[in-house]
1. Of the conditions (1) at pLDDT 75 or above; (2) among the aliphatic types (A, V, I, L, M); (3) within 29 Å of residue 145 (Cβ to Cβ), residue 300 clears all except one; give me its number.
2. Does the range 332-355 hold any residues that are farther than 16 Å from residue 368 by Cα and either assigned by TED's automatic domain parsing to the domain that holds residue 527 or of a type in the set (S, T, N, Q) (or both), and which are they?
3. Which one of 93, 132 is of a type in the set (Lys, Arg), in contact with a Cys (Cβ under 9 Å, 6 or more places away or on another chain) and either assigned to a helix (DSSP H, G or I) or over 22 Å from residue 210 (Cα atoms) (or both)?
4. (1) farther than 15 Å from residue 571 by Cα; (2) buried (at least 24 other Cβ atoms within 10 Å of the Cβ); (3) in the same structural domain as residue 614 (by TED's automatic domain parsing): which one isn't true of residue 526, the others all being true?
5. Looking only at the range 588-628, which residues are of a type in the set (Ser, Thr, Tyr) and over 16 Å from residue 526 (Cα atoms)?
6. With the condition kept exactly as written, say whether any residue in the range 226-247 is among the hydroxyl-bearing types (Ser, Thr, Tyr), in a helix (DSSP H, G or I) and surrounded by 16 or more Cβ atoms within 10 Å (Cβ to Cβ).
7. Give the residue that is surrounded by the fewest Cβ atoms within 10 Å (Cβ to Cβ), with candidates limited to residues of the range 1-50 that are over 30 Å from the mean Cα position of the chain (by Cα) and without any contact (Cβ under 8 Å) to a residue 60 or more places away in the chain.
8. Restricting attention to the range 572-610, which residues are of a type in the set (Asp, Glu) and under 31 Å from the mean Cα position of the chain (by Cα)?
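The values are calculated or read from the model by the stated rules, or taken from the named source; none is laboratory data. Every value quoted in this text rests on a predicted model; they were computed, and no experiment measured them. All Cβ positions, even for glycine, are placed from backbone atoms using ideal geometry, and neighbour counts span all protein chains on display.
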Amino acid sequence: MVDIKKLESLAKLVRYYILRMTTKAGSGHATSALSATDIMVALFFEKLRFDIKNPQNPNNDRVIFSKGHASPLLYALWGAAGVLSEKELDAYRKFKSPLEGHPTPNFKYVDVATGSLGQGLSIGVGMALALRQECQMSNVKCQMWPKVYVLMGDSETAEGSVWEAIELASYYKLDNLVGIIDVNRLGQSGPTMFEWDIDKYKRRIESFGWQTHLVDGHDLKALIKTFDSLPTKSDKPQMIIAKTIKGKGVPFLEDREGWHGKALSDEDFKKAVKALGKIDKAVRGKIARPISNFPARLRIVEGKSGRQFPISNFRKGQRSKINYKQGELIATRKAFGETLVRLGRINPDIVSLDAEVKNSTFSELFKDEFPDRFFEMFIAEQNMVGAALGFSKRGKIPFVSTFSAFLTRAFDQIRMVSYSSANIKFIGSHAGVSIGEDGPSQMGLEDLAMFRAIYGSTVFYPADAVATQALVEIAAENEGIFYIRTNRPATPVIYGPGEKFKIGGSKVVRSGKDAKLTIVACGVTLIEAIKAADELAKQDINVRVIDAYSIKPIDQKGLQKAASETNNIVITVEDHYPEGGLGDAVLNVFAKEDKVKIYKLAVYKMPMSGKPEELLDYEEISHRAIVNKVLEILG
């Protein structure tokens, strides 16, 4: 029997905490939190199954606050559950408090960072898929799949990524995914698109194949009835569309513009608390324990950042056999696909996500061997990245592949995964002007800059199949965000099977006696630099060529040593725009060394369609252009 009076007391306590926290902090989104209070009190203390003592128990339901600005509500709920004290709540938004203005995993009951609106449902898709897959992989029959609940604001439904997630959840029949839209009518600076027309939300969402539930978001009895009506097994994801009032519980805040993101003054706080009525500060809500479906396979250890990382069962150091022969022409994108298959045989936690270009990225090789671990994300890159985050937070190792140019569309999602301490491996193929005839819209020329800018990322650009295999394996067995750039054209294998690669490493691939200068390149341009060095050697001009396959972190000591031994002259060559790529990474190494002269060869002109060799010449990054630049420098 549901104790409605107790739930009402809990809701009142949560509202009090929300107002107290934001007033003491002098900032925060109190009104956005107040509108969803009744919904989340009903969920937390009547429907949710969660092991408070073990937040990473894989049997737990998961809760994602996509409307991350409602963080006061999130923390207040845990306060009402007895997890946080009033003193801890009072530290909201203060320096070094885990209760940040928008949720991050610094608070142990938060899986993912949220606050850039429109991303939570995509993350929920990935989590729901991962939890369902975990049940399917376990040796015991699951009584029910753990559910993933995603709280969204009505404003964020204007984001296209929300609808990408809605259509994919329906495609995969994710009945363990429950979206909740808090329809409170008001956005940050005015009314939302549909205001309180919840029937319009219903029609649109149902047209995508979801089952919807309309409810008064402040009627606790109706909310409990709605949560109870959610099917245990179905072929449709579920969406609760709750009509609410922004600022609910405080009359002078209710449905009023101008209060978004504003804290109350001390005087207004006293008025607001008086309006709430008598508050039982001793009442506490109980969260039900999860149903044990399968044994926990995840271990949690402290990452370098102090945050928690789920550790996979990858057998570190177990390398697959090198099958590539020197001189053989193999596209690095193909080597990626082949390596991914080998890794998939070692570790069942590896999954592949691709945006409908699997026959070009070669992730289709993984799909052919592991169809249950391959997820077609279609042409919806933002949702793909969000889903990958969901997978990674449930212990999977997602490899996300598409053309490098199209990953730029998902930059906001990529930016946000870094704040979630994610373990995701991004593969960007068809990079640079070397793709040829497809033209500039398909040429990833900004990707290195983009991924170098991501906090905690590692960026690799292999030149041949051997390096690709090694670097993909390194990415798989190390935690964190990795970006590996692969190429469309086949390139010759330059390394033998015994070559070793490492994070922050580089390779000297050419260096004659008394080398006049150093050429630093990677990927396609490394092949061009090798050709240039061989041609210059015929003219009795020796140069050193370095493969900077690890762009971030870059081999600072190796580059400094090379420069000091080659007259302090360095040429960088890259199939990328000059801003933010390899050249800038090298410049950073020598930022305090005035004596080192650096010349950057990069894509300075607007590219166009043409054959790869024509475009490399046109952009002056071909072996001919490198030779000319060396001769010009040496006079």
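1. (1)
2. Correct list: 332, 347.
3. On the way: 93 fails: in contact with a Cys (Cβ under 9 Å, 6 or more places away or on another chain).
The conditions single out 132.
4. For residue 526, the exception is condition (1).
5. So in the range 588-628, the residues of a type in the set (Ser, Thr, Tyr) come out as 599, 604, 609, 618, 622.
Matches in the range 588-628: 604, 609, 618.
6. Step one: list which residues in the range 226-247 are among the hydroxyl-bearing types (Ser, Thr, Tyr), which gives 226, 229, 232, 234, 244.
Filter once more, so that each one left must be in a helix (DSSP H, G or I): 226.
Next cut, surrounded by 16 or more Cβ atoms within 10 Å (Cβ to Cβ) only: 226.
Yes, that holds for at least one residue.
7. Filtering first and then ranking leaves 1.
8. Filtering the range 572-610 down to residues of a type in the set (Asp, Glu) leaves 574-575, 579, 584, 593-594.
Scanning the range 572-610 gives 574, 575, 579, 584.
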